[in-house]
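The values are calculated or read from the model by the stated rules, or taken from the named source; none is laboratory data. Because the structure is predicted, anything quoted here is derived from the model rather than measured. When we count neighbours, we look across all protein chains shown, and the Cβ atoms used for this are built from the backbone with ideal geometry, even at glycine.
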Amino acid sequence: MAYQATRPRISPENVSFAPGPGVAVELQKHLDDRTLPERDRRFAEDLLRAYRNGGCTGPQWDWIGKLCARAQAAIQAKAGPAPQATLDNVSGIIDLVERARDKLNFPKLRFDVAFEGRYTTIKLNVAGAKARVPGSLTVVAEPEGQESHWIGRILRDGRIQVSKPYHSPAWMQAFTATLHALSADPIKFATAYGRRTGNCIFCDIELSDERSKHVGYGRKCAKNYNLPWGDRPTTPEF
Ligand SMILES: [Zn+2]
């Protein structure tokens, strides 16, 4: 006898698990991947042994379904829900990027997010008409020595959406803190960034002129983005 003929009792916990090889294979996979809660391992092994040795009874199938559901719940709990984060005001960031729309094909901001003792360089640009969410801000990571990759987007209503590898609360905290500072006063942020790093937030080129160092961005970018440039520091900067 391969399988028990009687139908397993259907409970809310296992309603999506039809008895049969498929669900047994899934439970075995949860065992192999260690995605099953530790306390259920021995029971799962007993059930799968019964399955291999001639078939399971209705209640045993019932339990195989329940254990698969528990493993899936554990996987879900570990992944965590997509983090919710919003910015109060995105329009200032978009305005700053778009200031250079007439002069540049790809106006963008590039700056660092301090995370786990290191800096992650990210690039922001306004998504074009052909993008999935036109007009939103696209966020791309540009890690040193690695290929750049998509982090997520900031919608015009302020919602921040990030891809799964960036769901960790620690990253979201660092990321949103930086974005809050940027959105609160984008030009001030650009200036502070250039002064701190010595690089222009718009083109990433090192600032050499003392007037550029003073405003925190280069002369050419000041022109492209219609920003003040030319003042010399009134007091010596140390
Ligand atoms: Zn520049």
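For the condition crowded, with 17+ Cβ neighbours inside 10 Å, more than 16 Å from the ligand (Cβ to nearest atom), free of Cβ contacts under 8 Å to residues at least 60 places away in the same chain and under 22 Å from the mean Cα position of the chain (by Cα), V162 does not qualify.
Taken together, the residues in the range 169-206 that are crowded, with 21+ Cβ neighbours inside 10 Å and near the ligand (Cβ under 9 Å from one of its atoms) amount to 4. Looking only at residues that are surrounded by 11 or more Cβ atoms within 10 Å (Cβ to Cβ) and small (G, A, S) in the range 207-229, which one is nearest to the ligand (Cβ to nearest atom)? The selected residue is G218. From the residues in the range 1-24 that are closer than 18 Å to A74 by Cβ and either not assigned by TED's automatic domain parsing to the domain that holds A73 or not polar (S, T, N, Q) (or both), which one is modelled with the highest pLDDT? Top of the filtered list is V23. Contact map, the range 207-220: first residue without any contact (Cβ under 8 Å) to a residue 12 or more places away in the chain, second residue near the ligand (Cβ under 10 Å from one of its atoms), Cβ cut-off under 9 Å, separation 6 or more or different chains; pairs are S208/G218; D209/G218; D209/R219; R219/S212. Filtered by the rule that a residue be closer than 28 Å to K164 by Cβ and surrounded by fewer than 17 Cβ atoms within 10 Å (Cβ to Cβ), the range 32-65 gives D32, D33, R34, T35, P37, E38, R39, R41.
Counting only residues that are of a type in the set (D, E, K, R) and in contact (Cβ under 8 Å) with a residue 40 or more places away in the chain, which one in the range 71-114 is surrounded by the fewest Cβ atoms within 10 Å (Cβ to Cβ)? Out of the qualifying residues, it is D88. Whenever a residue of the range 185-206 is in contact (Cβ under 8 Å) with a residue 60 or more places away in the chain, its partners that are aromatic (F, W, Y) and not in a helix (DSSP H, G or I), lying with C-beta atoms within less than 7 angstrom and at least six residues away or across chains, give the pairs A190/Y217; Y193/F111; I201/F111; I201/Y217; F202/Y217; F202/Y225.
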